[in-house]
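Here, each number is a calculation from the coordinates, and none is a lab measurement. For clarity, every value in this text was computed on a predicted model and none was experimentally measured. Neighbour counts run over all protein chains shown; Cβ positions are idealised from the backbone, glycine included.
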Amino acid sequence: MNKTESLWGGRFTEKADETFVEFNRSFNFDKQLFAADIEGCLGHCRGLENAGVLSSEDAKAIRKGLDLLLSQAAQRSDFFEDSAAEDVHSFIETKLNELIGDTGRKLHTGRSRNDQVATALRIWMRGAVDEVLRRIVNLQSALLHLADGNKVAVLPGYTHLQRAQPVLFAHWCLAYFEMLRRDYERFTQTRARINILPLASAALAGTSYPIDREAVAIDLGFDGITRNSLDAVSDRDFCIDLVYAASVTMMHLSRFAEDIILYCTTEFGFFTLSDKVSTGSSIMPQKKNPDSMELVRGKSGRVFGDLIALLTTMKGLPLAYNKDMQEDKEAVFDAFSTVRDSLEVSTIVIQNISVNKDQMLKAATSGYLNATELADYLAKKDIPFRRAHEIVGQIVLYAIDKGVELEELSLEEMQTFASEIEKDVFAKLTLEQTLNSKSAIGGTSNLAVNKALSEAKKYLADF
Ligand code: ARG
C-alpha cells in the first residue's frame, strides 16, 4: 500500500488501530466520486482565486494538477489500486500534493470534507439521474413501438387476477407508459433538489473566506445554493429522494415483470419471451425461464432495502455531520445501478417479445367478459343497474351450466330472464362493441387508445 498523508496528524500522538482504519475507510466504494470530486475541487479553486484567497499562480498550478489527475485516472488502469486512502477526498489531496507539492495543500482553504463530499455526491448524482431519465424514455419508446405494431391485439383485463373485461393490448402497454411518465417526473423533481450547491458551508458553520457562493454555483452548473450551512453539510434528503424515486420505478418495473412472467406461462400463453433474455434448465430440457424479468422483480427488493437503510441511518443523527453519513453512498450507488440496469433489461425484453394475438383473443372472448355490457344494455332499458346486475348474474349462471358464452344463447333463452331483451342485444355483446363503448378519455375504445397513442408519441418527440 502506498503511504497516504494523514489529514489530521497534529492533534494525535497514537497511531490508529489497523482494524479501525480499514473499518473507517470508504475509498473502495467512494472512488466512484473521483471525477465529480475533481469537478468540485476545480470550482472551489476558482472560487478561492476569485475571492483573492489563492494567487492566480497557485490556482493555475492546482488546476493543472487536478486536470492531470483526471487524465491519469483515465489512462492508468492501476491508478486507484494500492491506495491506503481513507476516502476519495484524501486520495485526491494526497495525489495532488505528490504532483505539485505544498501548493496543493492550499486547496482545502475555507473548505471541509463535509461540504466537499456533499458537493461531489450532488455532482455525481445529477449525472446519475440524467442516465436514468434517458433509460426511462428508451423503455417508453420501446413500449410505444410494441403497442403501435400490435394495434388490433386484445387481451383480457383482470381484477383479482380473474378475467374482467377485454382491453386493447396497446392500452396495456400505455398503462406502463403512464407509470414511467410519472417516474420521469419524479426523477426530474429529484434532480432539481440535488442540484443545489452546499460548497463553502465548510465543516458546519460556513466559511470565513469571501467566496462568492452564487458565482461558484453558476460556474459548477448548479441551480442554486444552500441557505443554511448546518443543514447543507448534514442534509441527505436528496439521497433519500433519489432512492425513493428509484424504488417507485422498481416497483413499477416489478409489476411489469410480473405481468410478463405470468403471460409467458403455458397457462396464459399470451407472450413468448425471446431466447435472448431467457435461460434454460440444467436438468429439464424443455424449460425456458424468464430470468430477466424475475431478476427485475427480485431486485426491486434491494432498492427498497436501500431506501430503508438510508432513512434509518439518518433518523437519529444530531446536527450536523456525523460519520454515519458515509453509509449513504453504497445505498445511492446500488439503487442507481440497479434501476439503471433494470430499465435497460426491461427495454431489451420489450424489444424482443412476441405477442400471441390469437391466444390473447381467445382468452378475451371467453369467460363472460361482456357480462357488464349486458347489464348496461338492461340499465339503458330503464332497469335499475342493481337489478340488471342480478339478472345478468342469473343468465351467466345459466350459460355456465350450458357451457356456452352469452352471445351463444338464443334470444328466447335470454328473454326468459328479462323480457326487455331484444334482438339488438347481440350487437352489444360483440368484442368490438365491448371495447368501443369505453370511449371516454382514458378508456380502452379504439378511438380513445389511438388518441392516447398519438399523445404519447408527441410526448416522446419532445426528447
Ligand atoms: N468519507 C466521508 C463521508 O463520506 C467524507 C466526509 C468526512 N468528514 C469527516 N468530518 N470525517 O462522509
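Annotations
- Considering residues of segment 22-56 that are without any contact (Cβ under 8 Å) to a residue 24 or more places away in the chain and within 13 Å of the ligand (Cβ to nearest atom) only, the residue surrounded by the fewest Cβ atoms within 10 Å (Cβ to Cβ): 23
- The set of residues in segment 176-205 being over 19 Å from residue 128 (Cα atoms) and free of Cβ contacts under 8 Å to residues at least 24 places away in the same chain consists of 178 alone.
- Number of residues in segment 422-431 that are over 12 Å from residue 407 (Cβ atoms) and within 51 Å of the chain's Cα centre (by Cα): the value is 1.
- Of the helices (runs of 4 or more DSSP H) entirely within segment 206-278, those holding at least 2 residues that are under 30 Å from residue 350 (Cα atoms), of a type in the set (S, T, N, Q) and in contact (Cβ under 8 Å) with a residue 24 or more places away in the chain occupy 237-263.
- Screening the candidates 346, 342, 354 for the property of being surrounded by fewer than 17 Cβ atoms within 10 Å (Cβ to Cβ), in contact (Cβ under 8 Å) with a residue 24 or more places away in the chain and under 30 Å from residue 274 (Cβ atoms) yields one hit, 354.
- Apart from one condition, residue 410 fits all of (1) of a type in the set (Ser, Thr, Tyr); (2) surrounded by 12 or more Cβ atoms within 10 Å (Cβ to Cβ); (3) over 30 Å from residue 261 (Cα atoms); the exception is (2).
- Across segment 73-93, the qualifying residues are those that are touching a helix residue (DSSP H, G or I) at 6+ places or on another chain (Cβ under 8 Å) and without any contact (Cβ under 8 Å) to a residue 60 or more places away in the chain, and the one among them that is nearest to the ligand (Cβ to nearest atom) is 89.
- When segment 330-381 is filtered for residues that are over 30 Å from residue 26 (Cα atoms), in contact with a Lys or Arg (Cβ under 6 Å, 6 or more places away or on another chain) and of a type outside the set (A, V, I, L, M, F, W, C), the ones remaining, listed by number, are 352, 367, 373, 377.
- Within segment 270-311, the set of residues being β-branched (Val, Ile, Thr), over 20 Å from the mean Cα position of the chain (by Cα) and surrounded by 15 or more Cβ atoms within 10 Å (Cβ to Cβ) comprises 272, 277.
- Residue check, residue 170 part of a helix (DSSP H, G or I), among the aliphatic types (A, V, I, L, M) and in contact with a helix residue (DSSP H, G or I) (Cβ under 7 Å, 6 or more places away or on another chain): yes
- Within segment 94-121, residues that are without any contact (Cβ under 8 Å) to a residue 60 or more places away in the chain and more than 30 Å from residue 227 (Cα to Cα) have Cβ atoms under 8 Å from residues that are β-branched (Val, Ile, Thr) and not in a loop (DSSP other than H, G, I, E, B) in these pairs: 96/62; 100/62; 103/62, counting only partners at least 6 apart in sequence or on another chain.
- Qualifying residue in segment 309-319 (condition: touching a His at 6+ places or on another chain (Cβ under 9 Å) and farther than 28 Å from residue 170 by Cβ): no
- Test: residue in segment 144-155 that is more than 26 Å from the chain's Cα centre (by Cα), buried (at least 17 other Cβ atoms within 10 Å of the Cβ) and not in a strand (DSSP E or B): yes
- Among the candidates 162, 189, the residue that is surrounded by fewer than 17 Cβ atoms within 10 Å (Cβ to Cβ) and either of a type in the set (Val, Ile, Thr) or under 21 Å from residue 234 (Cα atoms) (or both) is uniquely 189.
Results for (1) touching a residue at least 12 places away in the same chain (Cβ under 8 Å); (2) in contact with a Phe, Trp or Tyr (Cβ under 8 Å, 6 or more places away or on another chain); (3) not aromatic (Phe, Trp, Tyr), shown as yes or no for each residue.
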site	(1), (2), (3)
387	no, no, yes
394	yes, yes, yes
401	no, no, yes
407	yes, yes, yes
424	no, no, yes
430	yes, no, yes
448	no, no, yes
451	no, no, yes
459	yes, no, no
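- When restricted to residues that are in a helix (DSSP H, G or I), in contact with a Leu (Cβ under 9 Å, 6 or more places away or on another chain) and within 15 Å of the ligand (Cβ to nearest atom), segment 306-356 contains 7.
- Selection count, segment 96-143, where residues are within 16 Å of the ligand (Cβ to nearest atom) and not in a helix (DSSP H, G or I): 5
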